[in-house]
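A.B. asks: The structure is given below, and queries will be raised subsequently.
The values are calculated or read from the model by the stated rules, or taken from the named source; none is laboratory data. These figures come from a predicted structure and were not determined experimentally. Here the Cβ is made from the backbone with ideal geometry for all residues, glycine too, and neighbour counts use every protein chain on show.
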């Protein structure tokens with residue numbers, strides 16, 4: 001349990017600078033992707049590479065800028081924020097801006113690096129696919145939306161970035177919307193996140209009303225200096241913000257959308273699982289961590305509980321998946337559980353360190369999976385096997401990503417996962433510690449299973465797969481370097497630069513920092529990883545499962561429960577979605593029958609009544625009678641005139657002379 005201490009937080013004692021002109025112009029990181037998306041939309045299809053060159057050039061600039069920011073931050077330390085006031089609503093100033101500190105710079109670098117490699121990969125992977133230009137428009141907006149979120153100095157801007165990321169994910173998950181399953185997956189992701197977003201919005205409103213500001217830095221300041229003012233609402237606000245984070249970062253029970261999001265193109269999956277969307281929830285918890293630690297430590301216990309449930313539950317489901325991308329998807333859910341649990345245990349740096357390393361090796365694994373899928377034209381591992389022989393670059397880099405995820409030294413995941421285990425051990429969370437160790441065993445096992453079914457044994461698919469194009473393998477090789485070395489920036493007792501990077505903020509971060517390795521945590525995690533790999537290799541290689549694609553561990557009914565994902569989807573449909581749909585359909589039917597139909601029928605009856613009145617009184621007795629009388633009068637007059645037409649010339653002459661005499665007399669009389 002995280003203990004409350006009202007004096008934990010104060011202005012940082014770290015030495016930092018304002019970042020100079022680089023920090024001042026960091027707004028360009030946010031603006032560039034949106035300008036690029038507009039250009040791709042209007043002129044992309046007329047360009048040689050259909051707009052991909054604009055997207056790639058823009059992300060390259062963002063990457064370069066993030067590297068420069070990272071360099072100045074490492075050498076000097078940067079913590080500054082900038083605001084632009086665009087108006088006000090009541091007492092609240094509506095401000096936008098950008099924050100440049102250790103946390104945001106780390107995220108700029110992660111988004112810029114992973115996005116650049118994913119974009120390079122996608123130019124070849126998506127070649128010949130439908131809506132190529134639209135894809136790069138959406139992917140550029142996706143990266144830009146995440147930058148809006150992580151650069152936000154205010155809660156309102158975080159909310160805007162939050163929603164933009166959600167909209168872009170909807171477009172990208174449903175890119176192949178001609179298939180109903182794909183469009184349904186996109187809608188599932190969108191709706192699930194909207195449910196969670198309600199919590200986020202209410203939490204923001206509570207904080208704003210009780211602090212009088214939307215600036216995050218001011219809220220964190222008040223959480224230290226005005227305990228009484230916030231104490232009554234702090235727990236509720238903290239839980240509501242966490243509900244929002246549960247949606248984006250796919251925590252149990254709101255994780256159900258993320259595996260289905262594999263319906264999108266593989267580059268989307270790589271970017272989403274490594275650097276955008278799913279890391280948003282972890283980022284929000286990290287940004288608001290001083291508030292949680294000082295004002296709502298009880299909420300952190302709940303955060304830790306859900307994180308631990310997620311890391312174990314999702315890991316178990318990954319074991320039974322036959323779709324390679326879904327194995328990695330449930331792996332992401334599980335690893336996000338580690339990050340969230342670390343935040344809950346008070347290990348701010350450990351959570352962000354795992355986010356950092358995970359971004360690189362998970363992007364590597366997804367792009368490696370995409371390379372395989374591109375070659376065999378199937379997601380099913382049952383139609384793979386033996387690919388190490390024909391795809392050596394993909395195989396080698398996938399192995400590196402697997403070992404990093406399994407947490408073996410000297411790969412990145414070893415250092416970051418060990419730090420999370422050490423935080424549990426330090427806090428005395430024995431049960432959660434051993435669950436996390438079990439999670440490490442499960443992770444190593446299901447990844448060994450995936451490697452065996454995909455690359456070992458004999459090929460079970462169709463056609464003749466071959467290694468991918470250099471435009472796809474070069475990002476794999478680059479990410480493999482990060483999967484090995486990105487963990488070396490935070491080695492207890494050797495170099496802890498990462499800790500200094502992410503704790504350089506205007507609000508001091510107080511947490512436990514191990515001076516050396518926690519040998520018990522280290523050995524526990526390492527043994528668990530080795531046992532998982534050993535069991536996986538024994539079952540799927542030595543026992544021949546990799547040859548046939550058959551699983552040796554189908555223990556019923558456990559396997560069935562895991563295949564059905566604990567029946568959560570069934571539960572949601574049976575007790576939430578279907579009742580809502582049925583009740584809504586009944587309500588709509590009643591509204592249609594009792595309101596719309598009655599209104600239309602009433603209008604029809606009124607129209608019929610008015611029609612009868614008009615017909616009987618105006619038409620029959622008015623217009624028709626007038627016309628009939630006019631006709632009769634004309635007929636009578638015609639009859640009278642007819643009498644004069646006798647056909648006798650003498651009579652006509654007499655009438656003519658009579659008329660002349662009459663007119664002459666009238667003229668004389670008038671004169």
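A.B. asks: Could you please find all residues in the range 532-551 being under 10 Å from residue 449 (Cβ atoms) and at pLDDT below 80?
C.D. replies: Across the range 532-551, the qualifying residues are 545, 546, 551.
Residue by residue, here is whether (1) over 24 Å from residue 21 (Cβ atoms); (2) modelled with pLDDT of 90 or more; (3) touching a strand residue (DSSP E or B) at 6+ places or on another chain (Cβ under 8 Å) holds:
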site: 79; (1), (2), (3): no, no, yes
site: 87; (1), (2), (3): yes, no, yes
site: 91; (1), (2), (3): yes, no, no
site: 96; (1), (2), (3): no, yes, yes
site: 108; (1), (2), (3): no, yes, no
site: 112; (1), (2), (3): no, yes, no
site: 120; (1), (2), (3): yes, yes, no
site: 124; (1), (2), (3): yes, yes, no
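A.B. asks: Out of the helices (runs of 4 or more DSSP H) lying entirely within the range 251-328, which hold 3 or more residues that are surrounded by 24 or more Cβ atoms within 10 Å (Cβ to Cβ) and under 13 Å from the mean Cα position of the chain (by Cα)?
C.D. replies: Numbers: elements: 257-260, 266-274, 279-287, 289-295, 297-319.
Per the criteria, 266-274, 279-287.
A.B. asks: Collect the residues in the range 231-250 that are surrounded by fewer than 24 Cβ atoms within 10 Å (Cβ to Cβ) and touching a residue at least 24 places away in the same chain (Cβ under 8 Å), keeping them in residue-number order.
C.D. replies: 231, 233, 234, 235, 236, 239, 240, 243
A.B. asks: Test of understanding: among 144, 77, which residue is surrounded by 24 or more Cβ atoms within 10 Å (Cβ to Cβ) and within 30 Å of residue 238 (Cα to Cα)?
C.D. replies: Details: 77 fails: surrounded by 24 or more Cβ atoms within 10 Å (Cβ to Cβ).
Result of the check over 144, 77: 144.
A.B. asks: Quick one: which of 163, 129, 81 is in a strand (DSSP E or B) and in contact with a helix residue (DSSP H, G or I) (Cβ under 8 Å, 6 or more places away or on another chain)?
C.D. replies: On the way: 163 fails: in a strand (DSSP E or B); 129 fails: in a strand (DSSP E or B).
From the options 163, 129, 81, the qualifying one is 81.
A.B. asks: Can you tell me which residue among 199, 174 is over 23 Å from residue 282 (Cβ atoms) and either surrounded by fewer than 24 Cβ atoms within 10 Å (Cβ to Cβ) or in the same structural domain as residue 147 (by TED's automatic domain parsing) (or both)?
C.D. replies: The unique qualifying residue is 174.
A.B. asks: Right, something else. Over 22 Å from residue 298 (Cβ atoms) and either loosely packed, with under 15 Cβ neighbours inside 10 Å or modelled with pLDDT under 90 (or both): does that describe residue 228? If you could, list the steps in order and put the result at the bottom.
C.D. replies: On the way: over 22 Å from residue 298 (Cβ atoms): no; either loosely packed, with under 15 Cβ neighbours inside 10 Å or modelled with pLDDT under 90 (or both): yes.
Here the answer is no, as residue 228 does not meet what is asked.
A.B. asks: If residue 21 satisfies every condition in (1) in a helix (DSSP H, G or I); (2) over 26 Å from residue 274 (Cα atoms); (3) touching a helix residue (DSSP H, G or I) at 6+ places or on another chain (Cβ under 8 Å); (4) at pLDDT below 95 but one, which is the exception?
C.D. replies: (3)
A.B. asks: I'd like the full set of residues that are closer than 15 Å to residue 147 by Cα and surrounded by 18 or more Cβ atoms within 10 Å (Cβ to Cβ), limited to the range 56-69.
C.D. replies: 58, 59, 62, 63, 65, 66, 69
A.B. asks: Let me ask something else about it. Among helices (runs of 4 or more DSSP H) lying entirely in the range 425-530, which contain 3 or more residues that are at pLDDT 90 or above and surrounded by 17 or more Cβ atoms within 10 Å (Cβ to Cβ)?
C.D. replies: On the way: elements: 430-455, 470-485, 497-503.
The helices (runs of 4 or more DSSP H) meeting that bar are 430-455, 470-485.
A.B. asks: Could I ask something else about it? Do we have residue 93 as outside any helix (DSSP H, G or I), over 16 Å from residue 280 (Cβ atoms) and assigned by TED's automatic domain parsing to the domain that holds residue 290 here?
C.D. replies: On the way: outside any helix (DSSP H, G or I): yes; over 16 Å from residue 280 (Cβ atoms): yes; assigned by TED's automatic domain parsing to the domain that holds residue 290: yes.
Yes, satisfied.
A.B. asks: Can you tell which of 55, 79 is over 18 Å from residue 282 (Cα atoms), in the same structural domain as residue 170 (by TED's automatic domain parsing) and within 20 Å of the chain's Cα centre (by Cα)?
C.D. replies: Selected residue: 55, the only one of 55, 79 that is over 18 Å from residue 282 (Cα atoms), in the same structural domain as residue 170 (by TED's automatic domain parsing) and within 20 Å of the chain's Cα centre (by Cα).
A.B. asks: Then there is this: Could you please tell me which pairs satisfy a Cβ distance under 7 Å, a separation of 6+ or placement on different chains, a first residue in the range 185-213 that is part of a loop (DSSP other than H, G, I, E, B), and a second residue that is modelled with pLDDT of 90 or more?
C.D. replies: Hits for this filter: 213/219.
A.B. asks: Separate question: What number goes with the only condition from (1) closer than 30 Å to residue 521 by Cβ; (2) modelled with pLDDT under 95 that residue 332 does not pass?
C.D. replies: (2)
A.B. asks: Scan the range 603-610 and give yes if some residue there is surrounded by 11 or more Cβ atoms within 10 Å (Cβ to Cβ), at negative phi, at pLDDT below 80 and in a helix (DSSP H, G or I), otherwise no. Can you show your working first?
C.D. replies: So in the range 603-610, the residues surrounded by 11 or more Cβ atoms within 10 Å (Cβ to Cβ) come out as none.
No, the range 603-610 contains no residue that is surrounded by 11 or more Cβ atoms within 10 Å (Cβ to Cβ), at negative phi, at pLDDT below 80 and in a helix (DSSP H, G or I).
A.B. asks: Name the helices (runs of 4 or more DSSP H) wholly inside the range 558-598 in which the number of residues that are farther than 30 Å from residue 314 by Cβ and modelled with pLDDT of 80 or more is 1 or more.
C.D. replies: Here the list reads 578-591.
A.B. asks: Can you go through 443, 474, 478, 431 and tell me which one is in the same structural domain as residue 301 (by TED's automatic domain parsing), under 33 Å from the mean Cα position of the chain (by Cα) and without any contact (Cβ under 8 Å) to a residue 60 or more places away in the chain?
C.D. replies: Matching residue, one of 443, 474, 478, 431: 431.
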